[in-house]
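Quick notes on the structure that follows.
The values are calculated or read from the model by the stated rules, or taken from the named source; none is laboratory data. What you see is a predicted model, and the numbers here were worked out from it, not measured in a lab. Counting neighbours? That spans all protein chains shown, and the Cβs are built from the backbone with ideal geometry, glycine included. In case anyone asks, the SASA skips ligands and DNA or RNA and just uses the protein heavy atoms, side chains included. Shrake-Rupley method; radii C 1.70, N 1.55, O 1.52, S 1.80 Å.
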Amino acid sequence: MKVTAESARRFLFARHFLSPARAVSGGPDAVLKVLHRFGSVQFDPLAVAGLNHDLMLHARVADYDPVWCEELYRRREIFEVTNKALSFVPVDEYPWFRLGYGRKGPDYHAQILAENSEVAEQVLGRIRAEGPLSARDFDLRHGATTDWFGMPENTVRAVLESLTVAGAIGLARREGKLRFYDCVERLLPADVLKREMPGREQLRHKLLSRYRAHGLLGAGGAGGTFARIGPPRSTAEAVGRDTLRKELVDSGALVPVEVDGVRGKRFVIGDEVALLEAPPEPAASVAFIAPFDSLLWDTSLLATLFGFEYVWEAFFPPARRRWGWYVLPVCFGNRFVGRIEPRIDRQRNCVEVLDIWWEDEFEPGSAAGFVEAMRDALLAYLRFADVERLEWAPHLTTEKKLFPGPR
């Protein structure tokens with residue numbers, strides 16, 4: 001299948017529910033609609049401008065309220081698993097995610113449980129007897145386990161994560177950044193838990209989930225796009241992604257695509273071929289895209305197809321940042337037109353825009369339909385943040401005049 005670059009751009013924005021933005025209606029059911037298309041939505045604990053999954057859903061779901069995700073979790077319609085990273089998935093897909101990997105792979109977590117069997121037995125016993133517990137409900141213990149920075153890690157916290165990877169427990173709820181765990185049989189429906197999927201089928205489903213999340217990925221990927229699935233090519237120990245992808249193509253689940261001006265073969269979900277063949281005209285709406293939004297996974301495609309360079313600079317030292325710390329790309333129609341750095345300040349009941357950067361040759365004041373669309377996006381973001389005022393940094397005088405916010 002061959003398509004033009006313009007068709008590919010229109011297709012991606014349409015299938016990502018961004019043309020127009022914030023148009024999927026139905027409250028919590030709209031959240032499920034997005035999740036069922038994408039397969040999973042990535043979670044990240046940083047919340048300076050909103051949590052990543054909330055920002056993703058806010059860009060797509062009309063009048064999105066973060067409590068909707070919490071409600072769906074309480075209703076056991078979504079569940080937290082490790083996919084590309086920590087993610088929410090529809091509960092009915094849980095059987096395809098039993099092969100847990102956690103942060104460092106199943107062997108690492110199995111070793112944690114083996115080396116701390118007494119702690120694991122105590123932790124699991126208390127959860128079974130008392131219900132949901134957090135790491136704070138146990139005495140602090142340090143062992144040989146280290147965290148990402150090489151520092152001694154709380155053994156109980158490591159055991160809780162490893163029991164989650166093993167499928168014995170799962171996340172019951174969060175209170176701020178504190179995670180409470182319960183036995184998985186109390187968290188998921190019995191008919192879901194009794195479904196067993198062969199390991200190969202689980203891996204194939206996970207691979208397909210990455211293509212569902214993006215819509216037009218190639219065979220490779222930057223930033224761990226295909227992490228926790230397997231090596232590119234099959235080995236004696238593991239089936240390779242190339243083999244799994246061929247099985248998906250042979251079944252019709254994936255269809256190979258060539259995009260004008262883009263190197264390498266791409267793959268589209270079989271059910272979305274018709275949309276790629278005849279994508280709609282782009283809508284004049286603006287959305288702010290979360291840092292870990294699946295639309296941004298393939299930075300090479302962003303550069304070649306959209307002419308947009310995307311780098312997340314949160315881990316860069318300030319002197320190396322061209323933009324800012326927690327910056328959201330701004331899309332309009334089927335283009336990326338800039339970047340915005342908002343902060344939600346609940347004490348002052350406002351959103352402060354620290355900075356904004358427009359793409360070369362984009363003039364916000366003269367682009368047809370942009371000013372009104374940007375104002376709509378900012379007002380929607382204020383409602384999402386549940387604050388009343390919009391404040392622009394002193395140097396953003398032009399933006400303040402164009403987009404003054406509520407009066």
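Can you tell me which of Phe362, Phe336, Phe306 is within 17 Å of Arg10 (Cα to Cα), open to solvent by less than 30 Å² (accessible area, probe 1.4 Å) and modelled with pLDDT of 95 or more? Being within 17 Å of Arg10 (Cα to Cα), open to solvent by less than 30 Å² (accessible area, probe 1.4 Å) and modelled with pLDDT of 95 or more holds for just one of Phe362, Phe336, Phe306, which is Phe336.
Listed by first and then second residue, the pairs linking a residue in the range 1-25 that is under 17 Å from Gly218 (Cβ atoms) to a residue that is open to solvent by less than 30 Å² (accessible area, probe 1.4 Å) and aromatic (Phe, Trp, Tyr), with Cβ atoms under 8 Å apart and 6 or more places separating them unless they lie on different chains, are Val3/Phe11. Considering only residues of the range 165-213 that are basic (Lys, Arg) and assigned to a helix (DSSP H, G or I), which is farthest from Pro90 (Cα to Cα)? Among those residues, the one meeting the criterion is Arg200.
Contact map, the range 165-186: first residue more than 16 Å from Ser134 (Cβ to Cβ), second residue open to solvent by 40 Å² or more (accessible area, probe 1.4 Å) and of a type in the set (Phe, Trp, Tyr), Cβ cut-off under 8 Å, separation 6 or more or different chains; pairs are Val165/Tyr101. Among strands (runs of 3 or more DSSP E) entirely within the range 330-401, having at least 2 residues that are under 12 Å from Val286 (Cβ atoms) singles out 335-345.
Results for (1) in contact with a Lys or Arg (Cβ under 7 Å, 6 or more places away or on another chain); (2) among the aromatic types (Phe, Trp, Tyr); (3) in contact (Cβ under 8 Å) with a residue 60 or more places away in the chain, shown as yes or no for each residue.
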| residue | (1), (2), (3) |
| --- | --- |
| Thr243 | no, no, no |
| Leu248 | yes, no, no |
| Thr299 | no, no, yes |
| Leu305 | yes, no, yes |
| Phe336 | no, yes, no |
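Taking residues in the range 103-119 that are among the small types (Gly, Ala, Ser), and partners anywhere that are surrounded by 16 or more Cβ atoms within 10 Å (Cβ to Cβ), the pairs with Cβ atoms closer than 8 Å and at least 6 places apart or on different chains are Gly105/Arg228; Ala110/Ser162; Ala110/Ala166.
When residues in the range 224-241 are screened for being open to solvent by 30 Å² or more (accessible area, probe 1.4 Å) and either outside any loop (DSSP other than H, G, I, E, B) or under 24 Å from Ala14 (Cα atoms) (or both), 1 of them pass.
Within the range 76-95, being within 14 Å of the chain's Cα centre (by Cα) and basic (Lys, Arg) holds for one residue alone: Lys84.
Scanning the range 274-304 for residues that are over 16 Å from the mean Cα position of the chain (by Cα) and either closer than 26 Å to Val371 by Cβ or not in a helix (DSSP H, G or I) (or both) yields Ala278, Pro279, Pro280, Glu281, Pro282, Ala283, Ala284, Ser285, Val286, Leu302.
The residues of the range 60-107 that are part of a helix (DSSP H, G or I), farther than 18 Å from Met197 by Cβ and open to solvent by less than 50 Å² (accessible area, probe 1.4 Å), listed by number, are Trp68, Cys69, Leu72, Tyr73. Does the range 41-55 include one or more residues that are free of Cβ contacts under 8 Å to residues at least 12 places away in the same chain and assigned to a helix (DSSP H, G or I)? Looking for residues that are free of Cβ contacts under 8 Å to residues at least 12 places away in the same chain and assigned to a helix (DSSP H, G or I), one finds none in the range 41-55, hence no.
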